[in-house]
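The values are calculated or read from the model by the stated rules, or taken from the named source; none is laboratory data. As the structure is a computational prediction, the values presented were derived from the model and not from experiment. FYI the Cβ positions are ideal-geometry reconstructions off the backbone, even for glycines, and counts take in every protein chain you see. These area figures cover heavy atoms from the full protein model, side chains too; ligands, DNA and RNA do not enter into them. Shrake-Rupley method; radii C 1.70, N 1.55, O 1.52, S 1.80 Å.
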Amino acid sequence: MAGRYDPNPFDEGDEVNPFAASDQGKGTNYSGGSFYTSSVPSAANSRLSPLPHEPADYYDKNGSVDVPLDSASALKKRERELQAREADLKKREEIVRRKEEAAARAGITLEEKNWPPFFPIIHHDIANEIPIHLQKLQYVAFTTYLGLVFCLFWNIIATTTAWIKGEDPQIWFLSLIYFILGVPLAYVLWYRPLYRAFRNESAFKFGWFFLFYLLHIAFVIFAAVAPPIVFKGKSLAGILPAVDLVGDQALVGIFYFIGFGLFCFEALLSFWVIQQVYMYFRGSGRAAEMRREAGR
């Protein structure tokens, strides 16, 4: 016993292979802890179907892609249409650019309608087009234009109340005509010429402004008095019809008195504007220039 040699003291007998039974399709009794407690199904019993084989040229970088011929022709047609539109737009832009350059060389200013902001119908940009030393005067002149618009609108309201109280309805139609004609004519005849005279320093525009602004002042004074010429002056909310109506129809008389006050304020402000414009006109030398042009 003492002389017996043991080649492997750790040998426990026959070696046991726990996976040997799996080669025969049978289970094994080997227990290797919780990791080995669950049985793994074989690939033959799995529910997942195997993936199909990839085509032979799947990874061919130089392989061609089949595109339907009708789709290719449609794309080419669409491309031709886009190119035609682009060429047309470039042509139009070139025409517009040439017109702008020609207008700039001729001294013509292209005006974009920007006033009133909610519904632009005219071009009006005092801050950017009028010299800074004339902007205050231009703003006051614009105030007289808006004042005339409000006076004529109030005149419609006053004649409407008079019509409701039994006056001749023709005075309302006359007041409407005053408004429809007076608002655009005042803009075209004297406000726009003053705007262009300040912007371009044109002596002719100054002369045009003085002529029609004097007519504007005369009309405002006439409306403030409202002499009994047409329908006893009741088509204009002036002082004379206001005095005539306040006794019998107090409300109508009050409306006419308010109109009289508005026309008076418009006349005073208009006097100040024409005085300031005339002082600038003489001081800037435009009066002498206008005389020389008239002599030629």
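A few remarks follow.
- Selection status of Ile132, over 26 Å from the mean Cα position of the chain (by Cα), at pLDDT 90 or above and either open to solvent by 70 Å² or more (accessible area, probe 1.4 Å) or not aromatic (Phe, Trp, Tyr) (or both): yes
- Qualifying residue in region 160-169 (condition: farther than 30 Å from Gln276 by Cβ, surrounded by 10 or more Cβ atoms within 10 Å (Cβ to Cβ), under 27 Å from the mean Cα position of the chain (by Cα) and not small (Gly, Ala, Ser)): no
- Close pairs from region 129-157: first in contact (Cβ under 8 Å) with a residue 40 or more places away in the chain, partner among the polar types (S, T, N, Q), Cβ under 7 Å, at least 6 apart: Ile130/Gln138; Leu137/Gln276; Thr144/Ser270; Asn155/Ser175
- Across region 216-245, the qualifying residues are those that are surrounded by 15 or more Cβ atoms within 10 Å (Cβ to Cβ) and at pLDDT below 90, and the one among them that is nearest to Thr143 (Cα to Cα) is Gly233.
- Any hit, region 196-213, residues being over 21 Å from His124 (Cβ atoms), in contact with a Lys or Arg (Cβ under 7 Å, 6 or more places away or on another chain) and either open to solvent by 70 Å² or more (accessible area, probe 1.4 Å) or part of a helix (DSSP H, G or I) (or both): yes
- Phe222 out of contact with any helix residue (DSSP H, G or I) (no Cβ under 8 Å at 6 or more places or on another chain) and among the aromatic types (Phe, Trp, Tyr): yes
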